[in-house]
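The structure under discussion appears below in the form of structure tokens.
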Amino acid sequence: MIANITDNPKVELLPKSSRGRFKTLENISHQLINGRGLFIHKGYVSNGASVPKFLWGIYSPYGTYTMPAVVHDYFYENNLYSRKFADRQFLIDMGKCGTNKFTKWLFYIVVRIFGQINWNKYGNVNNRTGNGNS
């Protein structure tokens, strides 16, 4: 079965030792803002929204922003497009998945400010540029 991120695809929370990570139990197909498609295979492991544990009482690491975060993680880990494109896609996807306006913009601003750390972590030191057409 192939699911779209707005279908709320099934995920499995991994054991505590995995630090809040989960894996997708379905293949995910997604239409990007540049008109291209994205396919994420069943079994992809993501940390979802990287919400610090001390904020879990306010923002759970899983919510309407979980699937957009999976797509965002996939972009960062695979260097598919520029960081700016990945972050913009995250913002748009959160809106499509029903994340409220305040949370959507808060998470977007946080990834714009702190995302460079994870971008570099995955070896994206060349920092692709462009609007997602590359």
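Coordinate-derived values only; no laboratory data. Only a predicted model underlies this, so the values are computations on that prediction, with no experimental measurement involved. So basically every Cβ, Gly included, is an ideal-geometry build from the backbone, and we count neighbours across all protein chains shown.
Set Lys and Arg Cβ to +1 and Asp and Glu Cβ to -1, take the dipole of the chain about its Cα centre, and tell me which of Thr6, Phe107, Ser46 lies farthest positive.
Phe107
For a quick check: with amide H placed at 1.01 Å from N, whose amide H comes under 5 Å from Asn27's, ignoring anything fewer than 5 positions away on the same chain?
It is Ala3, Lys42, by chain and number.
Students often forget the sequence filter, so: which aspartates and glutamates lie under 19 Å Cα-Cα from Lys96 once same-chain residues fewer than 8 apart are removed?
Asp7, Asp73, Asp87
For segment 37-47, in order, what is each residue's ³J(HN,Hα) by Karplus, 6.51 cos²θ - 1.76 cosθ + 1.60 with θ = phi - 60°, in whole Hz (x at glycine and Pro)?
Result, ordered by residue: x, 10, 10, 10, 5, 3, x, 5, 9, 9, 9 Hz.
Given the rule -39500 (n - 2.57) for each run of at least 4 DSSP H residues, summed and divided by the residues of the chain, what is its mean residue ellipticity at 222 nm, to the nearest 500 deg cm²/dmol? Could the numbers behind the result be given before it?
Working: 3 runs with 48 residues, N = 134.
Per the formula, -12000 deg cm²/dmol.
At Lys96 and Tyr59, where each label point lies 7 Å from the Cα along Cα→Cβ, what is the point-to-point distance in nanometres?
2.1
Where the convex hull is taken over the Cα atoms of the chain, what is its projected area averaged over directions, in nm²? Please list the in-between numbers first.
Working: hull surface 31.8 nm².
Orientation-averaged projected area of the Cα hull: 7.9 nm².
Charges only on Cβ, +1 for Lys and Arg, -1 for Asp and Glu: so what's the dipole of segment 2-121 about the Cα centre, in debye to the nearest 20? Mind showing how you got there, number by number?
Working: 16 positive and 7 negative charges, 54 e Å.
Value, rounded to 20: 260 debye.
Given the chain, what percent of its DSSP beta bridges are antiparallel, to the nearest 5?
Working: 9 of 11 bridges.
Antiparallel: roughly 80 percent of the beta bridges in the chain.
For the chain, modelled as a Gaussian network with Cα springs under 10 Å, which listed residue fluctuates most, Gly35, Gly98, Gly115?
Among Gly35, Gly98, Gly115, the largest mean-square fluctuation in the Gaussian network model of the chain belongs to Gly35.
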